[in-house]
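The values are calculated or read from the model by the stated rules, or taken from the named source; none is laboratory data. Remember, it's a predicted structure, so these values are computed and weren't measured experimentally. Virtual Cβ from ideal backbone geometry, glycine too; neighbours counted across all protein chains shown. All accessible areas refer to the heavy atoms of the entire protein, side chains included, with ligands and DNA or RNA removed. Shrake-Rupley method; radii C 1.70, N 1.55, O 1.52, S 1.80 Å.
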Amino acid sequence: MGLFILRRLGVMLLTALCLTFIVFFLTNLSPNLEKLAKTQGNFRMTDAQVESFLRDRGYLQPTIVKYGQWLGVTPGWVIEGRDGTVRSKCFGELETGDLPEGETNLCGVLQGNWGYSTVFRDDVGEIIATRLALTGKLMFWVMLVMVPGALVIGVLAGMREGSRTDRSLSTVSILTTATPEYVSGVVFIAVFASSAVGLRWFNGSATSAMEQATFVNFTLPVMTIALYGMGYIARMTRASMTEVMTAQYIRTARLKGVSFRNIVLKHALRNALIAPFTVIMLQFPWLLNGVVIVETIFNYKGFGWTLVQAAGNNDIELLLGVSVVSVFVVLVTQLLSDIGYVYLNPRIRIS
Amino acid sequence: MDPLTWTGALGVVLNPLLAIAAVAFVLSAVAQFVLSFAAPAPTLQAEADGTLARSPGLVGLADQAMKWSFGALILVLLAYLVGGIVMPYGEAGIVGAVSARFLPVWIALLATFALSIATKRSTGLYGKLFDSTIGMIGFGLVMFWVFTAVFVGLFDMIATHDPLQQIVAMKNEPPGTPVTGGPEGIFPHYLLGGDNLARDVFTRMVEGSVVVMQVAPVATVFAFMVGITLDLPAGYYGGRLDTVLSFLANLILAFPVILLFYLLVTPEIVQTGIPSYMAAVLFVFPLVFFAVLLNSRYYTRPGLRTPLLAVVLGLLFVLYFSLVNAAGSRIDIPGLGWLDLFDVPGGILVVFVSVVFVNSPTVFRIVRGLALDIKTRDYVAAAQTRGEGAWYIMLWEILPNARGPLIVDFCLRIGYTTILLGTLGFFGLGLPPESPDWGTTINDGRRLISVYPHPALPPAFALLTMVLGLNLLADGLREESLKD
């Protein structure tokens, strides 16, 4: 088991390195850098000005060197610009032109330096921490609604396979998986928050929920994300429940005269919940997608909203930070789901 | 011209009926659901003639009520649609007028269903679909949009206006408003209202189906070919090849889809030509697929194989070249312009490539699992003993036997591709901003949604019904294919 986890961690590290390099490569292509220079400096720069702007700030080094500097394994650049100022990656503008004594010239992710966001003009680490906390709040409520709801629907549908309850609940779960967030979000706002229909029960914007989440401003975003994931988990739970309900030991229990309620609650439920556990863990990457869409619709300035801003403005270091975090979330949940599955299901042992 | 109401003259009779049927249906459904937990199990009673009678009790009563009220509901809804077609224009309100516009689609749907049900015993899995209600509903929904796209795209029938025509007086007008200030002789109403740029919402909704039908199925087919060509060998041989390919697939899967889209589908990246190069690589896979497919089957008969391969590959190559080579893009080989039959607009190509790119790793995983399972079967061992080549076994023994799950997944995946296309449109990536596709129109509509909900809702429902149809169809197919 220990070896298995170690190997998985190794693969995770390799994946994270590959992915960040891809992001790094794509964001550092020359048209993207030109756009960056023009938004940072001004839009009427000539090609020569763009080039010197980029050269002075270390953007024109070979991609692999820049990637090493971002990681913190190669020394940061020190470049004397054409205007005479000496800039360095780690210490900003150097007045004397020399690096400070006694400090290593390494400042990358490994040293805890995530870089500087060109859009928000702030430290990337700090932006990600605050935004992630906001999205964490959203996700907490989503999980609180989605998981119990999905499990109840799945168990109710799966305990009597083929019954009318099963069919109607299955149709409902198909309906929710067929409704992407941008459709359900728009429909919810139109029905519950617009002046045209006139219900106005909830707020169509969740901006105020960043400070203080209330029932009025937080219900719609939470429901929008939860509904899309709910259907899928419910279907998996139903499949696993129907499988368990046809098992031999359930038949034995039934023949012994155990009541249906006890069969479901005491005999079937625990075994039926093993498979949904993995599914719930593997839902995280999809939820991340949902988070981006929902935060855009409801203008909730969390992690997904930051991703859109960073990607839309080619904010290289923020985008890298965002992708590191999201890739990390995806890979860790995959690992947890594998470990959890083995742990919950003693019949499977990984050699 | 007067503004249209929702149901017109029909509403006087049908609206109360609809309300009664709906209330009855909801009440009986709730009653049935609650009673099925609370009521005692149905009792069985043996009769004199040896049969068993089951007393339905309260649950059965609620069940019956639900069935009848549901039937009534469907009948009333049908009456709205038929009324709209039969009555003169404007009498049956917006619903009727919309139904009349869809007349070609209704006729095509009726014909398809009549033909399919009449021949359902002789058409294999397709015919079996018509044994399952869920499958039929799903098939109906999907075919509705397929026919809409065909009639709009090829025959220019259903749409009422030009999707880009702006009539200033119609800006944000509610559904059923008569057109004022437009040129003479155009359709007299904006049936589902006007959007923020004073274009007809109904027309844009039906035009949107054309964009989806152009991209989604073909992109899914390409994703399947890439997935199958790469992955059958991975599953069949296993070992290092499998490890490397699985790692690459997981790499793409670990990427948040939206981040990938933002990185691939921007004008700056299109400038660098990366999507064109990716297209050049990805679109080779269908060629490889067909070459290997035909060669492995017919290589013992060179007289048949060589001309067959030459014709098929020649045709595919021209298609490939036309797709990849575009004047003015990075891949523009001089002197071969005469081979370039058509140019795909840059935006569409990028969307296409990124959708294929995102989908193929998932297909890869599914096919790999199936291949691992099937390669242990006896008929594979028999083929190996006969001395068949590895590719023959993969493509002519394993692949046909994996078709059930693959067809089901294909339906689901078209739905997922539709959702992805909507996502791209929603974030304004790839497709031009005035494109009538559903994602873009939803995004346009959502800005003013709390005041004018009508421009965003029709495309939202269109996308919802299309994806729902594909999901139900997949569910029906799965159920029927499991019955064998």
Completion exercise
Note on the stretch B:100-115: residues surrounded by fewer than 16 Cβ atoms within 10 Å (Cβ to Cβ) and touching a residue at least 24 places away in the same chain (Cβ under 8 Å) are B:112, B:113
Practice task
Within the stretch A:263-270, identify whether any single residue is more than 32 Å from the chain's Cα centre (by Cα) and in contact (Cβ under 8 Å) with a residue 40 or more places away in the chain, and answer yes or no.
Solution key: yes
Completion exercise
Considering the stretch A:141-150, residues that are open to solvent by 40 Å² or more (accessible area, probe 1.4 Å) and touching a residue at least 40 places away in the same chain (Cβ under 8 Å), and then whichever is farthest from the chain's Cα centre (by Cα), we arrive at A:145
Exercise for the section: Return only the number of the condition from (1) at the interface with chain B (Cβ under 10 Å from one of its Cβ atoms); (2) in a loop (DSSP other than H, G, I, E, B) that residue A:170 does not satisfy. Expected result: (2)
Handout entry: Flag for residue B:260 being under 26 Å from the mean Cα position of the chain (by Cα), open to solvent by 50 Å² or more (accessible area, probe 1.4 Å), among the hydrophobic types (A, V, I, L, M, F, W, C) and closer than 17 Å to residue B:363 by Cβ
Key = no
Practice task
Show the residue pairs that are 6+ apart or on different chains and have beta-carbon atoms under 8 Å apart, the first residue being within the stretch A:287-307 and more than 12 Å from residue B:257 (Cβ to Cβ), the second being open to solvent by 20 Å² or more (accessible area, probe 1.4 Å) and aromatic (Phe, Trp, Tyr).
Solution key: A:295/A:305; A:296/A:305; A:296/B:427; A:299/A:305
Handout entry: Selected residue [at pLDDT 90 or above, open to solvent by 10 Å² or more (accessible area, probe 1.4 Å) and of a type in the set (Ser, Thr, Tyr)] from B:465, B:418
Key = B:465
Practice task
Would you check if there is a residue in the stretch B:140-163 being outside the structural domain of residue B:414 (by TED's automatic domain parsing), in contact with an Asp or Glu (Cβ under 8 Å, 6 or more places away or on another chain) and either farther than 27 Å from residue B:194 by Cα or free of Cβ contacts under 8 Å to residues at least 40 places away in the same chain (or both)?
Solution key: no
Handout entry: Residue check, residue B:282 open to solvent by less than 30 Å² (accessible area, probe 1.4 Å) and either acidic (Asp, Glu) or within 14 Å of chain A (Cβ to nearest Cβ) (or both)
Key = no
Handout entry: Sole residue being outside any helix (DSSP H, G or I) and either open to solvent by 60 Å² or more (accessible area, probe 1.4 Å) or within 30 Å of residue A:259 (Cβ to Cβ) (or both), chosen from A:155, A:216, A:197
Key = A:197
Problem - Within the stretch A:78-99, tally of residues that are without any contact (Cβ under 8 Å) to a residue 24 or more places away in the chain and buried (at least 17 other Cβ atoms within 10 Å of the Cβ) - result: 4
Exercise for the section: Determine the pairs where a residue that is assigned by TED's automatic domain parsing to the domain that holds residue B:276, located within the stretch B:355-375, has a partner that is open to solvent by less than 50 Å² (accessible area, probe 1.4 Å) and among the aromatic types (Phe, Trp, Tyr) with Cβ atoms under 6 Å apart, the partner being 6 or more residues away or on another chain. Expected result: B:356/B:222; B:363/B:224; B:371/B:236; B:375/B:236
Problem - Some residue of the stretch B:129-139 being of a type in the set (Asp, Glu) and either more than 22 Å from the chain's Cα centre (by Cα) or closer than 24 Å to residue B:202 by Cβ (or both) - result: no
Problem - Scan of the stretch A:219-243 for residues that are over 30 Å from residue A:295 (Cα atoms) and either of a type in the set (Ser, Thr, Tyr) or open to solvent by less than 20 Å² (accessible area, probe 1.4 Å) (or both), ordered by number - result: A:240, A:241, A:242
Fill in the blank from the handout: When the stretch B:91-126 is checked residue by residue, the ones that are among the polar types (S, T, N, Q) and assigned to a helix (DSSP H, G or I) are B:99, B:112, B:116, B:122
Practice task
Could you tell me whether the stretch A:287-300 includes any residue that is more than 14 Å from chain B (Cβ to nearest Cβ) and open to solvent by less than 60 Å² (accessible area, probe 1.4 Å)?
Solution key: yes
Practice task
Return the residue satisfying two criteria in turn: it lies in the stretch A:95-129 and is in contact with a Ser or Thr (Cβ under 7 Å, 6 or more places away or on another chain) and assigned to a helix (DSSP H, G or I), and of such residues it is nearest to residue A:41 (Cα to Cα).
Solution key: A:124
Practice task
Being closer than 17 Å to residue B:390 by Cβ and either within 14 Å of chain A (Cβ to nearest Cβ) or of a type in the set (Gly, Ala, Ser) (or both) narrows it down to one of B:238, B:303, B:227, B:314, so name that one.
Solution key: B:238
Problem - Residue that is farthest from the other protein chains (Cβ to nearest Cβ), among those in the stretch A:151-167 that are of a type outside the set (D, E, K, R) and free of Cβ contacts under 8 Å to residues at least 24 places away in the same chain - result: A:152
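Rundown of residues vs (1) of a type outside the set (Phe, Trp, Tyr); (2) out of contact with any helix residue (DSSP H, G or I) (no Cβ under 7 Å at 6 or more places or on another chain), yes/no style:
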| site | (1), (2) |
| --- | --- |
| B:364 | no, no |
| B:400 | yes, yes |
| B:403 | yes, yes |
| B:416 | no, yes |
| B:441 | yes, no |
| B:451 | yes, yes |
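Limited to the stretch A:176-203, what total is found for residues that are of a type outside the set (A, V, I, L, M, F, W, C), within 26 Å of residue B:468 (Cα to Cα) and either facing chain B (nearest Cβ under 7 Å) or free of Cβ contacts under 8 Å to residues at least 24 places away in the same chain (or both)?
5
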Practice task
Please work out if residue A:102 is over 26 Å from the mean Cα position of the chain (by Cα), modelled with pLDDT under 80 and either among the acidic types (Asp, Glu) or open to solvent by less than 40 Å² (accessible area, probe 1.4 Å) (or both).
Solution key: no
Problem - Unique residue being open to solvent by less than 30 Å² (accessible area, probe 1.4 Å) and part of a loop (DSSP other than H, G, I, E, B) when the list is B:172, B:196 - result: B:172
Completion exercise
With the first residue restricted to the stretch B:116-136 and required to be among the hydroxyl-bearing types (Ser, Thr, Tyr), and the second required to be open to solvent by less than 50 Å² (accessible area, probe 1.4 Å), Cβ contacts under 6 Å at 6 or more apart or on different chains are B:116/B:130; B:132/B:476; B:132/B:480
Practice task
Name the residue, out of B:270, B:265, B:212, that is in the same structural domain as residue B:376 (by TED's automatic domain parsing) and more than 30 Å from residue A:17 (Cβ to Cβ).
Solution key: B:212
Exercise for the section: For the stretch B:87-99, indicate whether the set of residues that are among the acidic types (Asp, Glu) and either more than 23 Å from residue B:444 (Cα to Cα) or crowded, with 20+ Cβ neighbours inside 10 Å (or both) is non-empty. Expected result: yes
Exercise for the section: Evaluate the following for residue B:245: is it in contact (Cβ under 8 Å) with a residue 60 or more places away in the chain, part of a helix (DSSP H, G or I) and either of a type in the set (Ser, Thr, Tyr) or open to solvent by 20 Å² or more (accessible area, probe 1.4 Å) (or both)? Expected result: yes
